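See structure below.
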Amino acid sequence: MTQPDGMKGLAPKPEIPWRKLLIGAGQAVALALLVGLAQAGVLPAGAAALVAGLTLVLLLVPLMVLEGLQDVAPGALWVWCALATVILGGLGAWDRLRLYMPLALAVKNGPVWAFLPSPGIVMAGVVLAVIGQLTVGVWAQTERFFAPYAVYFVRARRLWIEAFLSGAFAGACWLILMMAARLLGLGALSGLGRIILKPAVAVPVSTFGASLGLILGRPRAMAIGEAGTGLLSQLAWLLPLACLAAIAFLVSVTISGFDGVWRNAPPSVVMLAMAAGLIALINLLWQSGSHRDMPRPVLRHAATLAAFLLVPIVVIAVYALTVRVEAYGFSARRVIAGAALAVAAVFAVGYALAAWSGLRHGRWLVGLGTANVAGTLVLVGVLLLVCSPLADPARIAVASQLARLKSGRISAEQFDFTYLASQGAGFGHRALQALAEDTVGPQAALIRARARKVLQDTQGQVALLTPAQRAAQLRVYPEYYALPAGIARKVWRPAQGVPPCLVETGQLCDVFPAELTGHPPDQLILVWGGPQVWQTAVVGMVPSSGWQVIGTFGGLCHSTVAALRAGLYAVVAPVITYRTLEVDGLDLNVAPVLGPSTSCARRAPKQSRSGGRSHP
C-alpha cells in the first residue's frame, strides 16, 4: 500500500499493543478481585497463605509474560512462567505461613495487609524474576545457558531499565491516587477519596501502571541503557576515593584492633555496604568487559586495587558477625547478614582472582564476568533458602536462642522471652508453648513462669503483630498524613489504656493527629469501638521511653467521631499541660487513662481562638 504524496517520508504510527494491554488489564482485574475479597473480610481463617501466594504470582508473572512475548518462544515462555508460578506462589504462601503457624491462629476477618505478601518477599521475588528472565532470554537468544558475558550484560541492563520504568510508572500512579484523594477530601466527595486509597483499588491501579510502564518503556530501554551507561560510568571516578576510604578503615582496624569492630552494632552491615559500593563502582567501569577504548590507567589501577580490598573487608565482616553470634546467638537480622556475607564472599574471591589473573596475563580484570555470573547464581540460591522453610531466619534464630537457654549459656532471668513472641514468628510462638510446659532442668520452674507470662500477655494475638500489620490497622485521617513509623515499630503490650489495634489482630483504630502540646511532634488520637460509644487514647512521644499512651479523652459519641473524621476539629488555648481539642463545638481535654468520661454536651462557640491548628 502506497502513501499519498503529501504523506511520503512520514514514519508510520506504531501499532497499539492491544494484546499486552489486555494482559495488563487482566492482571489488574484479578488483583482487584483478590484484594477486594481480603479487604471485605469474607476470606476464611487460614486463607492468608493462599492469598499471599496468588498475590505474589499476579504481581510478577504477568509482567514476565509481557517482557518475554517478543524474545522468547511461546513454549519456553509458558514453561518458565509455570515454573515461576510454583516458586513465587510457594514463597508468598510461606511468607504468611511462617507467621501464622499453626493455621488455627490465622487471621480471620483481619486487616487486608495480613493477607498480602510482605515488602521483603516482594523485593526478593522481583530479584528472582529478573534473574530468571535474564537466563531465559539469553537462552532464547543464543540457545546456551552459559553465553558470553557481554550478552548477559546487555540483556541485564535492559531488564533492569525496564524494571525501573515499570516501578516508576507504578509509583506515579500511586502518587496520582494520593493527590486525587487529597483533592476530593477538600470537597463533598471525601468518601470517594478514601475509597481510591483502599488496597483493593490502589494495588490494581498501581500494578496496571507497572504493566503500562513496561509496555511503553521496552522499545526505548536499549537506547536509554546505552545513554545511561555512559553517564553512570562517570561515577567510576569515585573509585580512587572509595579505595582510600577502604584502606583507611583497614589501617584503623589494624592499629586499634578488632574490639571496636564488633562492639558497634551492626558492624557487618556497614562493611557489607562498603563491599557493595566497591563492586558497583568496579562494574560501572568494567561494564561488559569488551572495551574499545580502555579506561584511564588511574581508574584501571583503582579497580584492580578495589578488587583486592574486597577480601579483607568481607573477612573482617565475617569475623564481626561471628563474634556477635558467639556472644548473643543468632537473631533473624544476623541470619540475613550471614546470608548476605556468603554472597559477598563469592564476589570478593571471584574479583580477587580476576584481578590476580589480569596482573599475571596482562589483561585487565580478565574473568570478572565469570565472577559476576557465579555470584549471581549464589544469590539466587541464598534467596531461595532464606525465603523458604529451609533456612528461615526466624526458625534459625529461635533454635539458636533456645539452645543458649537450654545449655545454660544464659540464665532464665536474662533470657528475652519477649523476643520469641515479637520476632520469632510462628516458630517463637510454638517455642513459648513448649517452654510453658517445660519440666526439665534446674531453671524449669522460672522458664515456665516467664513463658506463660509472655503467652498470657499476647493471648488473642495471631502470630504477633509485625510493624506492617500494626500500621495496617491504623486508619489515618486525613489520608495524606504520614503516620510516624515509630508507633508501628514499637512492640506494644496489653495494658490499661493501650488501644487493642496496637496489640491484637483484627482490631481497627481511627487516628487523628493534633499538636496538643503546642510544639512538634504531633500527638495521635486513637479512636476505636462504637457504634454508640467510642473509646479514645492519646499517644505521644516521650523522650525517655518513646511512644506511650499519655492520656485519654474518655468516651466519645458517634457524632463527635464523625466530626473528627470530617476534619472539623482544632486545637485551642492550652490548659495546664495539653491544649484543648475543639470538635464540632465540643471541648475535649486530655485526662489520665483512668479519668472520667467526656460529656457529649456542646458549648456555645466563642468569638476567637488562640494557638489553634486545624487539619482540613
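The values are calculated or read from the model by the stated rules, or taken from the named source; none is laboratory data. This one's a predicted model, so the numbers in the text were calculated from it and none came from an experiment. So basically every Cβ, Gly included, is an ideal-geometry build from the backbone, and we count neighbours across all protein chains shown. All accessible areas refer to the heavy atoms of the entire protein, side chains included, with ligands and DNA or RNA removed. Shrake-Rupley method; radii C 1.70, N 1.55, O 1.52, S 1.80 Å.
Taking the conditions exactly as written (open to solvent by 50 Å² or more (accessible area, probe 1.4 Å) and modelled with pLDDT of 85 or more), does Gln473 satisfy them or not? Considered against the rule, which asks whether it is open to solvent by 50 Å² or more (accessible area, probe 1.4 Å) and modelled with pLDDT of 85 or more, Gln473 comes out as no.
What do you reckon, is Leu56 closer than 20 Å to Val86 by Cβ and either at pLDDT 90 or above or exposed (fewer than 10 other Cβ atoms within 10 Å of the Cβ) (or both)? Considered against the rule, which asks whether it is closer than 20 Å to Val86 by Cβ and either at pLDDT 90 or above or exposed (fewer than 10 other Cβ atoms within 10 Å of the Cβ) (or both), Leu56 comes out as yes. Name the single residue that is nearest to Ala202 (Cα to Cα) among those in region 464-507 being assigned to a loop (DSSP other than H, G, I, E, B) and of a type in the set (Gly, Ala, Ser). Within region 464-507, the match that is nearest to Ala202 (Cα to Cα) is Ala482. Scanning region 167-184 turns up no residue that is modelled with pLDDT under 85, of a type in the set (Gly, Ala, Ser) and part of a loop (DSSP other than H, G, I, E, B). Within region 132-183, the only residue that satisfies the criterion of being without any contact (Cβ under 8 Å) to a residue 12 or more places away in the chain, over 30 Å from Val366 (Cα atoms) and touching a helix residue (DSSP H, G or I) at 6+ places or on another chain (Cβ under 8 Å) is Leu183. Among residues belonging to region 310-362 that are within 30 Å of Leu420 (Cα to Cα) and part of a loop (DSSP other than H, G, I, E, B), point out the one that is least open to solvent (accessible area, probe 1.4 Å). Filtering region 310-362 for residues that are within 30 Å of Leu420 (Cα to Cα) and part of a loop (DSSP other than H, G, I, E, B), the one least open to solvent (accessible area, probe 1.4 Å) comes out as Gly329.
Hey, can you tell me all the residues within region 555-567 that are in contact (Cβ under 8 Å) with a residue 40 or more places away in the chain and either crowded, with 19+ Cβ neighbours inside 10 Å or not small (Gly, Ala, Ser) (or both)? The answer is Leu556, Cys557, Thr560, Val561, Leu564, Arg565.
All of (1) in contact with a helix residue (DSSP H, G or I) (Cβ under 9 Å, 6 or more places away or on another chain); (2) open to solvent by 40 Å² or more (accessible area, probe 1.4 Å); (3) part of a helix (DSSP H, G or I); (4) modelled with pLDDT under 85 hold for Gly426 with one exception: (2).
Checking the condition surrounded by fewer than 19 Cβ atoms within 10 Å (Cβ to Cβ) and either under 31 Å from the mean Cα position of the chain (by Cα) or outside any helix (DSSP H, G or I) (or both), which residue from Leu385, Leu365, Leu402 passes?
Numbers: Leu365 fails: surrounded by fewer than 19 Cβ atoms within 10 Å (Cβ to Cβ); Leu402 fails: surrounded by fewer than 19 Cβ atoms within 10 Å (Cβ to Cβ).
Every option except Leu385 fails the conditions.
Candidates are the residues of region 42-53 that are small (Gly, Ala, Ser) and open to solvent by 20 Å² or more (accessible area, probe 1.4 Å); the one that is modelled with the highest pLDDT is Gly46.
Would you mind finding the one in Gly441, Gly518, Gly546 that is open to solvent by 10 Å² or more (accessible area, probe 1.4 Å), more than 24 Å from Leu581 (Cα to Cα), of a type outside the set (S, T, N, Q) and modelled with pLDDT under 80?
On the way: Gly518 fails: more than 24 Å from Leu581 (Cα to Cα); Gly546 fails: more than 24 Å from Leu581 (Cα to Cα).
None of the others qualify; the one that does is Gly441.
Does region 405-423 hold any residues that are touching a Leu at 6+ places or on another chain (Cβ under 8 Å) and either touching a residue at least 60 places away in the same chain (Cβ under 8 Å) or loosely packed, with under 15 Cβ neighbours inside 10 Å (or both), and which are they? Listed by number, the residues that qualify are Glu413, Ser422.
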